[in-house]
Structure formats: structure tokens, C-alpha cells
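Before any comments, here is the structure.
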Amino acid sequence: MKPRLVVIGNGMAPGRALETLFEAAPDAYEVIIFNAEPRVNYNRIMLSPVLSGEQSFDDIIIHGDGWYEEHNITLHRGARVTQIDREAKTVTSAAGITESYDKLIIATGSNPFIIPCPGHKLHGVLAYRDLDDVEKMIEFSNKENSSAVVIGGGLLGLEAAAGLKMQGMDVTVLHLMPTLMERQLDPSAGYLLEKELSSRGIKIMTKANTKEIVGTDCVEAVLLEDGTRLKADMVVMAVGIRPSVELAKEAGLDTGRGIQVSSNMQTSDPDIYSVGECVEFEGNVYGLVAPLYEQARVLGMHLAGEADHAFAHSETSTKLKVTGVDLFSAGDFAEGENREEIVFRDAARGIYKRLVLEEDRLIGAVLYGETADGAWFFQKIKEGAPIASEDRENLIFGQSFSGAAPLDPTAAVAALPDDAEICGCNGVSKGKIVSAIEKEGLKDLAGVRSCTKASASCGTCTGLVESLLAYTLGDEFGGTKVTVCGCTDLGPGDVRRLIVAKELKSIPAIMQELGWKTSGGCAKCRPALNYYLIATWPGEYVDDQQSRFINERVHANIQKDGTYSVVPRAWGGLTTSKELRAIADVVDKFEIPTVKYTGGQRIDLLGVKKDDLPAVWKDLNNAGMVSGHAYAKGLRTVKTCVGTDWCRFGTQDSTGLGVKLEKLMWGSWSPAKVKLAVSGCPRNCAESTCKDIGVVCVDSGYELHFGGAAGMHIQGTQILCKVETEEEAIEYCAALLQAYREQGWYLERIYKWADRVGYDTIRSMIADDEEGRKAFYQRFLHSQQFAQDDPWAQRASQGVDAHEFAPLTLEPAE
Amino acid sequence: MPHDTAVIDWIDLCAIEDIPLQGSRRAIIRGREIGLFRTMASEVYAIDNACPHKKGPLTEGIVHDCSVTCPLHNWVFDLKSGEATGPDEGRVQTHAVEIRDGRVFIQIEG
Ligand SMILES: Cc1cc2nc3c(=O)[nH]c(=O)nc-3n(C[C@H](O)[C@H](O)[C@H](O)COP(=O)(O)OP(=O)(O)OC[C@H]3O[C@@H](n4cnc5c(N)ncnc54)[C@H](O)[C@@H]3O)c2cc1C
Ligand code: SF4
Ligand code: FES
């Protein structure tokens, strides 16, 4: 019989401990887990994206049902352990399940602290700890015009506030201290954070002392010491956590603030271990996963019989996971004697960095607005190595300027086991990547991509792959310069600039003049160059069909079975009975299997045979419809709501404006797809705030937005500016689109372009510089003269590219 | 001939201009779908028009050098040998092609 290992709690720490154990000694124990939550192990850290709607619960599961099966683990779900009997070596749950153990792990995590002010038991007062809390919050946010008060302006409180705001609630954060996150941030960074969150519509009240939560059964309002009364349907308390020690204490184990453990995670009873937030080690308790994972590793190895691992206290670092806010802090940054600081501010770009040194050692860092060097500074803090005086000058500019070898990310990937999955899309492991780098002599990201496919799909693992390159190649790894593709060492910015400067007007000319390494380019650079030429020389450059991806070549979307889908344009989402009838006829005539509405208010006809495309287009053209460019790296749709025509809230003619914008912009090619939306009022039914360009009509005019995304990456727009008239709205939007067309890199969406050149730069280019804006607008109009030909008509009636559609057919002559 | 079957005839298919430079053309020859590809250097190659990965129609891909990139998931095939290049493993059947007086002749095997 195998020894029985019982675990109380199914959180992140024991999950990791078991992983380590199974790897080192797969069959050593029979494992039984009790979990008060009725679910499998999930990534608690990612609750905030679930709350904001950016991810789903399924996305954050760490161990799915299969994992428990594979390792023969008994998981008692929804079973809270209420008693440990150390004599009998058993544990018992509230519902009476008893299991005996040889070894026991207590991993009960911590309990959120609830301020015992009057009203704290009312319905609607929530903690922020687990999925149940998140689900309750989402339920409240679904009510019309609901408002929330978040008590606590720390990490959790702010993540909750940002999430609730994204769910459309009216949110106020109450914070007792004068600045936010005062334990992690200094006042300057706290101020920038407050400014950023306020600009997103989250009300922040500092030095706010809660007196009472008011209500009969449900929360109605929050009353502050100073008499302020805030309406609220829900109150989230995020004021701190306490290690959950009651169970251990009742069992007679040594506890202080947490359950006391030795460096191999044993409690005062050698058969009982503890890991996670419930633990106290040398007087420290922990609330972030990094040190807990280290505890877990030590425990897993210890249980596997490898005793020479010991847990040691180390520094932790903090990041706020609010989309679009970059913030990092680590170590100690209080002022003090013998301490010196280095500060860097760039007000225009909202960047603030502060490093604290004590006797030539880095002991603390706060970064706001630009955090890429966080891990590097953190490593320096942990190492505690002296900083040479000649390096000090450039220290604040981070790793790239200090010329040091990249330390932390490399160390992190070095620690991963060989079978760690690096690329989820393609299931490529670390071992596979490293051996490919070694065996194939790969030198860069492109090499790894083409040889193993790692990072070639959704790209979120690119950073890890680069770290692996750095780790495997050491100094040989030249870092990553973005190049157009493997055919050139030039980046897209260089290429765009040189096309203008050297007046290059064809793909072969570019390849010749700029020293392309291949004779005819590849499937990556040719479409990019073709776009750059179209955008740079409108009316002059002749489009190269063979350098276009199939969708654009045949003006329809290729589907997985080789058939196509066809989307006729519906201006501003409008259609007519005549158009609908024509669409219905086409569907019948060509036996089109599926008809579907797209997210952009258009009708999609799916499953059209390639040979039928010209005939389908002809029929649609005859009814007055043109290509919806649903396949294009170009303007796709302008989504609208009904506006003043029908809606009782509409402030302007949003449908009309949408139609005007679409009629102005259709046919224009751009670096990546472009979608617009116009909403008639801030209720925003057309979802303008997640589009590339969005317009929100308000009583006094038009609020212009840009830089939203709702694909693989989700983010809300930022405001460009407000204008008064429809003419201005149109001019500004077109000028913005033109700026993007001229500056964007191929496949770079507007938000990525804005991230690269800076949102403020774009604002000053379009909103502040009237002359510049008008010039962009004129160039757009000029270019559109050559762009607005319906590609369907050209192919259906004028025989353009007929060879594409009709196959050569030879039948046997029998 | 490598086979002991009857000698297979050359079929006169089309003029070379019928295939765009750096482009392709689908041909249905006795019920079989073949892709014809014309490179920058005006060489013509013929391979079966189905990617061994998930049957992607290779004629819809972008032609570059002497290869084509499948439009569905970007596998790259060498037009001469029909072999997948890079990380992927797979092969498409190739067919012999000759250009005589500006016309494309093809010999279908297998
Ligand atoms: C919203 C949120 C965001 C966070 N963001 C970050 C972050 O960005 N970075 C970071 O490092 N950390 C973050 N944390 C903290 C991190 O999640 C915790 O440090 C970590 O999850 C603790 O792991 P654990 O295993 O000790 O406890 P937990 O993961 O909390 O698991 C404890 C489990 O034990 C169960 N349990 C408790 N008592 C019993 C009992 N008697 N019987 C049975 N089961 C019991 C609980 O139901 C729970 O499932 C965040 C936490 C939250 C809540
Ligand atoms: S859609 Fe993106 S994330 Fe999903 S499998 Fe394909 S590449 Fe990966
Ligand atoms: S079908 Fe060709 S790459 Fe997938």
C-alpha cells in the first residue's frame, strides 16, 4: 500500500507542490485533496481578467479534470475540512467525509479581512477572493445603472475597480491613505496611477474613512466619517488578507500570524506540512505567488525524498494587472539615511521611474508607464551586488543601456523543466526548442518559428522563446530586431522610409535597392511591400495580385474546406427588402449552405464554391450591392446604432454618420483591418470603444476614440478629442486613418501603431495641429479617388483575373 | 519509364501566359485537381492541389522562389520535389511538365 498524502485546500501552492512531486516521484503517494471551493485548481491571479470579461474561467484552469484522473487523485469538491485528528491521523470535512493520512499538507490560503463596521453583513458586501466572488460581482454589474464602492486602494481593490468599470458599473474606490498602493508605490507613482484610473472614469477618494454601510437588507449606500454619502448597490472589501490558521491552531500546531514551518515546510508536527499564504516562515507571511511557488517546489522535492532543498525568504515584486497600466515595484523604496535615489520622469509620456540605492546596492525600484526592465532591476535587488559607479549613470535606463547580460528572464527559463510547454497553440516544449536551436544552429526568432512553429501562432509566447534563445546562445544571441521577414535585415520602419526617400516604386526595385537576400521575396514580405507601395504612391503604383494573400486576391474569405465566404457591403449596417431578397435568391441559386450575421452587422454567405464566385457577385452587384471587403487589410465595417432616428436616447444621427464614414472610407487599404463604430450616445450600443476608430455622439458633439481592439488582444479605446460638428468628426477620423496608413507597419493594428508611436503623439498630430490634420485629410481624399472601384464588379463583369476562377479542364476523350 | 504500365502521354494543357508570373492555375485533368505554378523565372511546375496537412488548395497560396506557401496554415512546399520545407513533414505528388513552343505539356502519373 502506498502512503496516503492528504491535502487541505486546492489552491495555487499545493497544486504546484504536487506537480513537483509527480515529476520527481510519480507513484510515491496516494493523493486525496479536500477543497472548500467546488472546483478544480485554477489560476487565482487571473480572476481580474475574468471579472473584467477579458478571459473566461476555462482560460484560467491550471489542472483540469483529466489531471486528477491521470494521477489518480481523489478530489473532494466543496468539502471544507473542519477537523484534524492528529492522534488518529485523520481529517474530517463539514459534511462528514473522513480520510486517514500518513502525510498531511495544510494549504488553506488566507481569509479576506472584512472591516466590522456597521452594515458589513448586508447583502451585497463582498470580498474578492475566489470565483464565487467574481460571479457575484458580475451579477451586480449586470443590473442597469448599478454602482459599486470598492474599499481599499491596493492591488486587489484597484483590479476589482478596473474590472467592474469594464463591466459598465459606476465605481468609486475608497482609500484610507493619501495615495494609492502606498505599500508598493511612492507618492509620485501613486499619483500617476490615480490620474490614469480617474481618466477611465473610476472615482478615487483618498483619505476616505468608511463609517457605515447603509441599507435594510441590501446595501444602499456607504457613509464616510466626513459625512459623505455614496450610493452603492455593492461594496467590495479589499483591505487585506489574514492567513487562515484556525484549523491548524485547533489541531494544536504552532501558529503565529500563520502556521509556523521550518525551511522544508514542516509544521511542529513532522507528518504535517504547510504551504502557501497560510504559512509563516521566520516571521514572514506571503501574499504573492512567486515565493509560494518556491515553497511548493521545496515541499514537492522533500515529499519525493530529496531532502536537500530549503526554503529561504526572498524579496517579492508587484505588478498591477489592469490592462493598459504598466506598473512595477519591488524591494524597499522608503527614503532614509545612507539612501540615494535616481529618478527619471517623462511627463509627456507618463513615465516615472525611481531606483533606491543603499551603499551602492540597489534595494528598491518603482516603475510606472514603462516596466520592461522590471525583472532586470528585481534580479539586481535580489542579488544585492554592488553597482559600479560607472554603471550608475545609465542604470535607470535599464538593461539595454547598461550593457549587462540579460539575467532574470534567462534565469527564469533556465529553471523550467525540458517538457515545460512554451507555445500553447502548437504544443512545443522547452526541450524541443532548445534542441532545435542547438542542432539546427538557429540564431533568431524567425529561425525558431520556422523550425519548430513555436510562437508562430498567437505570439503570446514570443518573449519566452526569446529568453530561450538568449539562454541557449548566450552572447551569440543578437537580441531581437524586428525585420520585415527573413529576406532582409531592415525593419518595417526603415523600409517605409527608404521607399519614400529613394522613390522606390515597385517590389523588384525595393528588393534590388535595399539588398533583399532572396530573389523574389517570400509570403511575408511581398504582401507588406505591396501595401507600402500602394499607400505611398496612390494612383501610380499598380497593385501586384501575386503578392496578395488569397482572400484579397479573390475578394472573398477562404474557409477551412477551400470554399469561400462572401460579405456584401451594408452601409452603416443598413439593408433593404430588395437587398435581402437578392441575397436570399443568391443563397438558393448557388446552394450556399450557411448565412450568418457578422459581428459588424453584415450578412455573411459561407461555403461558396470558388468557381461560383463571379456569378454570385454578379447577382449581388445587380441588386446594387458591392464587396464588403470583409477579407481586407483595409476598411471593413462601420457599425452603428439607431441614433436619433429611432432611439429615445440618441443625441445625434449616428446611423447617418456611420454611412457617411463608410462611403468615404470604403476601398482604402491599410496596414491591418480597420473597423469603425458610431454610437448615438454614451450607452454605446455600437460598442465604439473597442474599435480601431470609434465615435460616441454626445449632446454637445462627437467624442472621437481610437486604439481599441477586441480580437486576440482586448482593449478599450483612448480618447482622441472632442469635436462639435459632423464635418469635423469625418475630417478627424479620415486624417487619423491616413496617418495610420502612412506610418503603420504591415499587420500592425491601430492600437499597436499607437503603442509604438505614442497616443499623445497621435493626438497632437491630429487634434492639435490643424494644418497637419488637413494635409492628412487631403492625402486621404486623393488616395481614395483610385481606391473606390468595386473589386467584385471588376471581376464579375469586366473579366479581371478570370484565370483565378475558371480552372483549366481536360476530360478523357473516351 | 519506371513503371511497367503503358507509357503515359504528354497532355497539351495551355499556353504559358495562361499562368500568371509568380502565380498559379488550377487544372482539372481527368477528374484530378492539379496545381500549375509559374515562378519568377518562368519555370512551370505541377503538383497535386491538396496540402497534405489539411487539404489546403495550394494554388491559392503565394508563390515565391521555387516554392509555394499554403494559404491555410502556411506550410511551405518546394515545387520541384513536392517536399514540405522547414519544420513540417509531408509531400505532394509532383508531375512532369515540359514547355514546347510556349505551350505547357504535362504528364500525369500515379
Ligand atoms: C483577485 C486576486 C488577484 C491576485 N493577483 C496576484 C498577482 O497578480 N500576483 C501574485 O503573485 N499574487 C496574486 N494574488 C495572490 C495569489 O493568488 C495567492 O497568493 C495564491 O493564490 C495563494 O495560494 P494558496 O495555495 O496559498 O492559497 P489559495 O490559492 O488561496 O487557495 C486556498 C484554497 O484552500 C481552500 N480552503 C481553505 N480552507 C479550507 C478548508 N478548511 N478545507 C478545504 N479547503 C480549504 C480555499 O477554498 C482555496 O481554494 C491574487 C489574489 C487574488 C484573490
Ligand atoms: S486562433 Fe490563435 S490562439 Fe487560437 S489556436 Fe489559432 S493561433 Fe492559437
Ligand atoms: S492545409 Fe496546408 S498548411 Fe494546413
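The values are calculated or read from the model by the stated rules, or taken from the named source; none is laboratory data. Quantities reported herein were computed from a predicted structural model and do not represent experimental measurements. Neighbour counts are summed over all protein chains in view; Cβ atoms, including those assigned to glycine, are modelled from backbone coordinates with ideal geometry. Quick note on the areas: whole protein, heavy atoms, side chains included, nothing else; ligands and nucleic acids left out. Shrake-Rupley method; radii C 1.70, N 1.55, O 1.52, S 1.80 Å.
Observations on the structure shown:
- Residues (open to solvent by less than 30 Å² (accessible area, probe 1.4 Å) and either within 13 Å of the chain's Cα centre (by Cα) or within 16 Å of ligand 1 (Cβ to nearest atom) (or both)) located in segment B:67-78: B:67, B:68, B:69, B:70, B:77
- Verdict on residue A:196 being out of contact with any Leu (no Cβ under 7 Å at 6 or more places or on another chain), without any contact (Cβ under 8 Å) to a residue 12 or more places away in the chain and acidic (Asp, Glu): no
- If the condition is being within 7 Å of chain A (Cβ to nearest Cβ) and either of a type in the set (Ser, Thr, Tyr) or over 19 Å from residue B:104 (Cβ atoms) (or both), then segment B:62-71 contributes B:62, B:64, B:65, B:69, B:71.
- Scope segment B:51-61; condition at the interface with chain A (Cβ under 9 Å from one of its Cβ atoms) and part of a loop (DSSP other than H, G, I, E, B); matching residues: B:54, B:55, B:56, B:57, B:61
- Those residues of segment B:7-47 which are more than 7 Å from chain A (Cβ to nearest Cβ), crowded, with 19+ Cβ neighbours inside 10 Å and more than 19 Å from residue B:101 (Cα to Cα), in sequence order: B:24, B:34, B:35, B:47
- Hits in segment B:88-108 (condition: open to solvent by 40 Å² or more (accessible area, probe 1.4 Å), closer than 17 Å to residue B:38 by Cβ and in a loop (DSSP other than H, G, I, E, B)): B:101
- Across segment A:496-512, the qualifying residues are those that are within 14 Å of chain B (Cβ to nearest Cβ) and part of a helix (DSSP H, G or I), and the one among them that is farthest from residue B:73 (Cα to Cα) is A:512.
- Pairing each residue of segment A:206-226 that is without any contact (Cβ under 8 Å) to a residue 12 or more places away in the chain with any residue that is open to solvent by less than 60 Å² (accessible area, probe 1.4 Å) and assigned to a strand (DSSP E or B), provided the two are 6+ apart or on different chains, yields C-beta distances under 7 Å for A:221/A:214; A:221/A:230.
- Options A:520, A:486, A:515: the member that is assigned to a loop (DSSP other than H, G, I, E, B), open to solvent by less than 20 Å² (accessible area, probe 1.4 Å) and of a type in the set (Gly, Ala, Ser): A:520
- Test set (1) modelled with pLDDT under 90; (2) buried (at least 17 other Cβ atoms within 10 Å of the Cβ); (3) among the small types (Gly, Ala, Ser) - residue A:787 fails condition number: (1)
- Considering (1) on the phi < 0 side of the Ramachandran plot; (2) open to solvent by 10 Å² or more (accessible area, probe 1.4 Å); (3) not charged (D, E, K, R), the lone condition that residue A:147 does not fulfil carries the number (2).
- Per the conditions (1) within 14 Å of chain B (Cβ to nearest Cβ); (2) modelled with pLDDT under 85; (3) over 22 Å from residue B:74 (Cβ atoms), the sole criterion not satisfied by residue A:435 is (2).
- The residues listed here are B:85, B:59; of these, the one that is among the β-branched types (Val, Ile, Thr), open to solvent by 40 Å² or more (accessible area, probe 1.4 Å) and within 16 Å of ligand 3 (Cβ to nearest atom) is B:85.
- Residue list for segment A:176-193, filter: surrounded by 22 or more Cβ atoms within 10 Å (Cβ to Cβ) and free of Cβ contacts under 8 Å to residues at least 24 places away in the same chain: A:190
- Listed by position, the helices (runs of 4 or more DSSP H) contained in segment A:1-82 that have at least 3 residues being closer than 30 Å to residue A:168 by Cα and within 16 Å of ligand 1 (Cβ to nearest atom) are A:47-52.
- Within segment A:264-295, the set of residues being open to solvent by less than 50 Å² (accessible area, probe 1.4 Å) and more than 34 Å from the chain's Cα centre (by Cα) comprises A:264, A:265, A:266, A:267, A:269, A:271, A:272, A:273, A:281, A:283.
- Neighbours by Cβ (under 8 Å, 6+ apart or cross-chain): first from segment B:61-85, on the phi > 0 side of the Ramachandran plot; second surrounded by fewer than 18 Cβ atoms within 10 Å (Cβ to Cβ) and not in a loop (DSSP other than H, G, I, E, B): B:82/B:91
- All of A:611, A:543 fail the test of being within 12 Å of chain B (Cβ to nearest Cβ) and under 22 Å from residue B:37 (Cα atoms), apart from A:611.
Yes/no per residue for (1) within 26 Å of residue A:47 (Cβ to Cβ); (2) open to solvent by less than 60 Å² (accessible area, probe 1.4 Å):
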| site | (1), (2) |
| --- | --- |
| A:316 | yes, yes |
| A:322 | yes, yes |
| A:328 | yes, yes |
| A:332 | no, no |
| A:340 | no, no |
| A:349 | no, no |
| A:354 | no, yes |
| A:361 | no, no |
| A:369 | yes, yes |
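- With respect to (1) of a type outside the set (Gly, Ala, Ser); (2) free of Cβ contacts under 8 Å to residues at least 60 places away in the same chain; (3) surrounded by fewer than 21 Cβ atoms within 10 Å (Cβ to Cβ), the lone exception for residue A:712 is condition (2).
- Boolean, residue A:769 is free of Cβ contacts under 8 Å to residues at least 12 places away in the same chain, within 35 Å of the chain's Cα centre (by Cα) and outside the structural domain of residue A:613 (by the TED database): yes
- Only a single criterion out of (1) acidic (Asp, Glu); (2) within 14 Å of chain B (Cβ to nearest Cβ); (3) open to solvent by less than 40 Å² (accessible area, probe 1.4 Å) is not satisfied by residue A:579, namely (2).
- Failed item in (1) within 23 Å of residue A:749 (Cα to Cα); (2) hydroxyl-bearing (Ser, Thr, Tyr); (3) within 14 Å of another protein chain (Cβ to nearest Cβ), with residue A:536 passing the rest: (3)
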